[in-house]
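The values are calculated or read from the model by the stated rules, or taken from the named source; none is laboratory data. Computed from a predicted model, the values in this text were never measured in an experiment. Glycine gets a Cβ as well: all are built from the backbone with ideal geometry, and neighbour counts include every protein chain shown. Note: areas computed on protein heavy atoms with side chains; ligands, DNA, RNA excluded. Shrake-Rupley method; radii C 1.70, N 1.55, O 1.52, S 1.80 Å.
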Amino acid sequence: MTESPKITIDDVEYNYDDLTEKQKNIIGNMRYAANKISELNMDLSQYEAAMITYKLMLEKEANATSKNNS
């Protein structure tokens with residue numbers, strides 16, 4: 001016999017199978033939100049890295065332009 005998965009909330013452990021459908025739905029929504037937050041944090045990191053790259057590209061271009069105008 002398979003044991004019911006455990007859910008821990010604020011250091012209290014619950015058997016997943018003992019939860020109501022509404023509670024299970026809420027947990028599903030919490031998992032979805034946590035996954036979206038993780039995805040958005042990854043997107044943010046990628047955009048921050050892109051901004052650093054664009055800044056470096058702009059500095060390089062500006063330096064090349066000023067050397068050509070000297």
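Taking 1 over the mean of 1/r across every pair of different Cα atoms in region 9-50, what Kirkwood radius in Å do you get?
12.4 Å
If you roll a 1.4 Å probe over the chain with all protein chains in place, what percent of the accessible area is carbon or sulfur? If you can, show how the numbers build up before the last one.
Details: 3690 of 6570 Å².
Carbon-and-sulfur percentage of accessible area, whole number: 56.
Could you tell me which residue out of I7, A50, N63 lies farthest along the dipole of the chain toward its positive end? Charges go on the beta carbon: Lys and Arg +1, Asp and Glu -1, centred on the Cα centre.
N63
About its Cα centre, what dipole magnitude does the chain give when the only charges are +1 on Lys and Arg Cβ and -1 on Asp and Glu Cβ, stated in debye to the nearest 20?
The calculation lands at about 520 debye.
How long are the semi-axes of the ellipsoid equivalent to the chain, from square roots of 5 times the Cα gyration tensor eigenvalues, in whole Å, largest first? Display every interim value, and only then the final one.
Numbers: eigenvalues 583, 20, 14 Å².
So the equivalent ellipsoid measures 54, 10, 8 Å along its semi-axes.
Give me the accessible area per residue for the chain, probe 1.4 Å, as a whole number in Å².
Accessible surface, normalised per residue, equals 94 Å².
In a shell of Cβ-Cβ distance under 12 Å around M42, excluding M42 itself, what net charge do Lys and Arg (+1) and Asp and Glu (-1) give?
My count for the surroundings of M42 gives -2.
Using alpha carbons only, how many degrees (0 to 90, rounded to 10) separate the axis of helix 21-68 from the longest principal axis of the chain?
10 degrees
In the chain, what is the count of Lys pairs whose alpha carbons are under 27 Å apart, counting only pairs at least 8 residues apart or on separate chains?
Lysine pair count for the chain: 6.
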